[in-house]
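The values are calculated or read from the model by the stated rules, or taken from the named source; none is laboratory data. Just so we're clear, the structure is a prediction, and the values are computed from it rather than from any experiment. Here the Cβ positions follow ideal geometry from the backbone for every residue, glycine too, while neighbour counts run over all protein chains shown.
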Amino acid sequence: MSSVEIQSGDREDSEVCLKRAKLLRGFADSSRLAILQALRDGPLSVGEIVRATGLSQPNASNHLRCLSECGLAVGEQRGRHVHYRLTDPRISQLLELLDEVLTGVATGVENCQNY
């Protein structure tokens with residue numbers, strides 16, 4: 001493999017890492033995780049999300065905008081209300097996998113001070 005091919009591969013790897021980081025920013029907030037968890041059971045209106053998560057309506061709306069921009073949730077107009085849902089069932093599976101990983105590394109997560 002030539003150095004040009006290696007550099008091209010490194011650039012592609014770097015771009016993939018950047019995309020992953022952007023996607024994971026959507027998960028990188030406890031309020032957004034609570035919303036995603038609530039949406040695992042199906043579409044919910046903002047009011048239902050507020051009740052399920054304990055967030056204020058403005059706070060929930062701000063986080064829903066972030067989740068929508070990240071491609072993790074989508075809102076659909078139903079009459080006077082917008083109902084949000086997960087964009088892909090694998091998001092629910094990812095949350096489940098995160099719980100499994102947490103079980104294995106919970107001590108390390110509790111000791112994490114740098115984030």
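Scanning the stretch 71-86 for residues that are closer than 18 Å to Ala21 by Cα and either at pLDDT 95 or above or in contact with a helix residue (DSSP H, G or I) (Cβ under 6 Å, 6 or more places away or on another chain) (or both) yields a total of 2. Of everything in the stretch 95-115 that is modelled with pLDDT of 90 or more and touching a helix residue (DSSP H, G or I) at 6+ places or on another chain (Cβ under 9 Å), the residue that is farthest from Glu48 (Cα to Cα) is Leu98.
Here Leu67 does not qualify as assigned to a loop (DSSP other than H, G, I, E, B) and either in contact with a helix residue (DSSP H, G or I) (Cβ under 7 Å, 6 or more places away or on another chain) or β-branched (Val, Ile, Thr) (or both). For the stretch 22-47, which residues satisfy the criterion of being among the hydrophobic types (A, V, I, L, M, F, W, C), assigned to a helix (DSSP H, G or I) and surrounded by fewer than 16 Cβ atoms within 10 Å (Cβ to Cβ)? Of everything in the stretch 22-47, those that are among the hydrophobic types (A, V, I, L, M, F, W, C), assigned to a helix (DSSP H, G or I) and surrounded by fewer than 16 Cβ atoms within 10 Å (Cβ to Cβ) turn out to be Leu23, Leu24. Of the set (1) surrounded by fewer than 17 Cβ atoms within 10 Å (Cβ to Cβ); (2) within 18 Å of Arg25 (Cβ to Cβ), all apply to Leu86 but (1). Evaluation of Asn59 against the conditions (1) part of a loop (DSSP other than H, G, I, E, B); (2) of a type outside the set (Lys, Arg); (3) free of Cβ contacts under 8 Å to residues at least 40 places away in the same chain shows that the sole unmet condition is (1).
Is it true that Leu102 is in a helix (DSSP H, G or I) and surrounded by fewer than 15 Cβ atoms within 10 Å (Cβ to Cβ)? Can you show your working first?
Details: in a helix (DSSP H, G or I): yes; surrounded by fewer than 15 Cβ atoms within 10 Å (Cβ to Cβ): yes.
Yes; evaluated as a whole, the condition is true for this residue.
Considering Val82, Val50, the condition of being more than 26 Å from Val109 (Cβ to Cβ), among the aliphatic types (A, V, I, L, M) and assigned to a helix (DSSP H, G or I) is satisfied by Val50 alone.
Among residues of the stretch 66-82 being of a type in the set (A, V, I, L, M) and within 15 Å of Ser92 (Cβ to Cβ), the one that is surrounded by the most Cβ atoms within 10 Å (Cβ to Cβ) is Ala73.
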